[in-house]
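Written out below as C-alpha cells is the structure these notes cover.
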C-alpha cells in the first residue's frame, strides 16, 4: 500500500480552486494535471507500507490529532517547486498557520515513532495542482511562473480532520482513497 497522511478540503473549495487554475491549464504546458478530487495538503508521505501496518498507522494518526481543534486554513497564491526555470510541481499555496504547523509536527513525530524517517525538508504547505511530465524540456515551461502569478484565487476552509490516504498509481494518474479520518475537536 502506498500511504500518506493529509488534510482534505471541502469539495466546493477544491472545485473553485481547480476552476481558478483553468487559464494556465489551457496554455498547454507539458504538465500532468490532477483533478479537483485529487487536491489535498500532504502532512506526511509514508510510501510503500505493508497492509498489516495500517491499524498501527491509524492509531498513530488518531494520537497525533488528540486534543487538536478545528482551524481555518487560507488558500491563495500559486507557484512551482523547485524553481521557475525548472518547475516540477505546480501548486496553490496554503497559509502556514500555527495550528497547521503544530499538527504537521505531531503527525511527523507519531510516524517517526512507528519507524518512518523524519522529513529532511522544511514543511511548505501547498496543494499540488500538477507535475511536469517526465523529460519535459525547460523551454516548454517558459512563462509558467508568470502565468501562475496572473491567477487570482483566495479562500478559507475549515480543517475538520486528518486523513490516512492510500495512493494507487496508474497510467492515467494517481487515485486517492481515504482509509481513515481522525476528526479534530470542535
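FYI, it's all coordinate maths here, none of it is from the lab. Everything numeric here is computed off the predicted structure, so don't read it as measured data. Glycine also receives a Cβ, built like all others from the backbone with ideal geometry; neighbour counts cover every protein chain displayed.
Some notes on this structure:
- Computed [θ] at 222 nm, deg cm²/dmol, the chain (DSSP H ≥ 4; -39,500 (n - 2.57); rounded to nearest 500): -7500 deg cm²/dmol
- Shape analysis of the stretch 100-186 based on the Cα gyration tensor places the equivalent ellipsoid semi-axes at 29, 19, 16 Å, largest first.
- Backbone N atoms of the stretch 135-149 closer than 15 Å to the 7 Å Cα→Cβ label point of residue 84 belong to residues 139, 141-149.
- Of the peptides 142-149, 124-131, 14-21, the ranking by mean beta-carbon count within 10 Å, highest at the top, reads 124-131, 14-21, 142-149.
- When only Cα pairs below 8 angstrom with a gap of at least 6 residues are kept, the stretch 2-183 shows a relative contact order of 35 percent.
- Over the stretch 138-186, the Kirkwood radius and the radius of gyration, each from Cα atoms, give a ratio Rg/Rh of 1.17.
- Computing P(r) over Cα pairs in 5 Å bins from 0, in percent for the structure here picks out one of [x] 1, 8, 17, 22, 24, 18, 8, 1, 0; [y] 1, 5, 8, 8, 6, 5, 4, 4, 3, 3, 3, 3, 3, 3, 3, 3, 3, 3, 3, 2, 2, 2, 2, 2, 2, 2, 1, 1, 1, 1, 1, 1, 1, 1, 1, 0, 0, 0; [z] 1, 8, 16, 19, 19, 17, 11, 6, 2, 0, namely [z].
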